[in-house]
Every structure is written in structure tokens, then in C-alpha cells.
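Trainee: Mind looking over this structure? Questions follow.
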Amino acid sequence: DYGGTVPISHRAQTQGVLEASEWYLSDSKALGEIGESSQSAVRRLGSFLRAIHLSDKPVEVSPVTVALRRDEMTSEALSVVDACVSHGQLIEIKTGHHTKNQENLLFKYQLNPMLSPMFSLPTARRGVISLSTAEADSLFDPGAGDDDVRAAMRKRLDELNAPFLRPPGTVPLW
């Protein structure tokens, strides 16, 4: 006996969470062209992170945070990143991230946990995916086409999915 209440099924809860994620993305969108660009960038980023998360050899437990070099990105891509932050689609991690072998400061951004279910991603932040400038530009620059995004994803995923491809010029250890 549930005291007169009916339990909500797992399926209904899942559907509700997914609808809330879609609502959040559409409701948090900026007005105009930058809003369309930021919404597209969030979808690209979420799909990119989902592919990494579901790869054969994921590099992080919870890939919802990315690090990027703002000084190397196009101004258009930076405008989209800033719009995503100002409208709550991305959360800027104020501490940043220093590269291991260099003194470069990478800026860190987490996909808003409200959007994570839309891409079958965890909501907790553990670990950071460092994006190359080409990856960051392909995800955030509104001028980048779908082919640019696919090429960046393919390059990253070749290292994470079987058969694992070696970088050109390396010699096998066996």
C-alpha cells in the first residue's frame, strides 16, 4: 500500500528527465543567431562527449568537462562559448587547468548537469577532456560544418575504439 499514491514508473521518470533536459536547452537559448549557434554547439559537444563516454576505452569516468585554449580559438567560436556560459548551458570552472608539460592555462567548462541526461552522460564532474583547437573550433564555431565535426570525432574516437589505431610513425612494441 502506497498510502493512496501511485508509484511513478522508471520509464515515466526517464521520459520526464529527458523532456526537462530538452526544455532547459530550448528555454536557456539566447535570442537571435548566437542562440541558434550556442544550441547547436551544445548538441555537438554533448554528442562528442557521449561518443567518448561510450567508447571502448574511455579516457575519463565522467566526461562532462572540457578544457580548451581560448587564445587559439576563432573569435566566432569564443563568442559561442561565452554565450553558452552566460545562458547557463556551460558552467565555467574558475580554477582552469594547467597542461602537464607546459605552463599553458586551459579554460575548463562543464556541460550543465541539467543537459547531461539528453546525451546519456553522468551529471557528476570527474576528470577533464582536453580539446585540441581543431576540436574546439569544430564544436563551437558556427561556420564549422558537420563534416568538420565528424572529422574531429573520428580522429579522437580512432584512438578510443577497437581496433585501436596507432599515431602515424610509431612502431609497435611486439
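Residues are listed down the side, and each one gets a yes or a no for (1) touching a residue at least 60 places away in the same chain (Cβ under 8 Å); (2) in contact with a helix residue (DSSP H, G or I) (Cβ under 7 Å, 6 or more places away or on another chain); (3) among the hydroxyl-bearing types (Ser, Thr, Tyr):
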residue: Ala20; (1), (2), (3): yes, no, no
residue: Asp27; (1), (2), (3): no, no, no
residue: Ser47; (1), (2), (3): yes, yes, yes
residue: Ser62; (1), (2), (3): yes, no, yes
residue: Glu72; (1), (2), (3): yes, yes, no
residue: Ser79; (1), (2), (3): no, yes, yes
residue: Ala83; (1), (2), (3): no, yes, no
residue: Ile91; (1), (2), (3): no, no, no
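Trainee: Follow-up. Being surrounded by fewer than 16 Cβ atoms within 10 Å (Cβ to Cβ), hydrophobic (A, V, I, L, M, F, W, C) and in a loop (DSSP other than H, G, I, E, B) is the filter here, so list the residues in the stretch 127-163 that pass it.
Mentor: Ala162
Trainee: Of the residues Asp137, Asp146, which is modelled with pLDDT under 90 and among the charged types (D, E, K, R)?
Mentor: Just a single option satisfies the conditions, and that option is Asp146.
Trainee: Among the listed residues Lys100, Lys108, identify the single one that is of a type in the set (Lys, Arg) and either modelled with pLDDT of 95 or more or farther than 22 Å from Lys57 by Cβ (or both). Step through it out loud before you land on a result.
Mentor: On the way: Lys100 fails: either modelled with pLDDT of 95 or more or farther than 22 Å from Lys57 by Cβ (or both).
Of Lys100, Lys108, the one residue that is of a type in the set (Lys, Arg) and either modelled with pLDDT of 95 or more or farther than 22 Å from Lys57 by Cβ (or both) is Lys108.
The values are calculated or read from the model by the stated rules, or taken from the named source; none is laboratory data. Not measured: the values here are computed from a predicted model. Ideal geometry is used to build each Cβ from the backbone, glycine not excepted, and the neighbour counts take in all protein chains shown.
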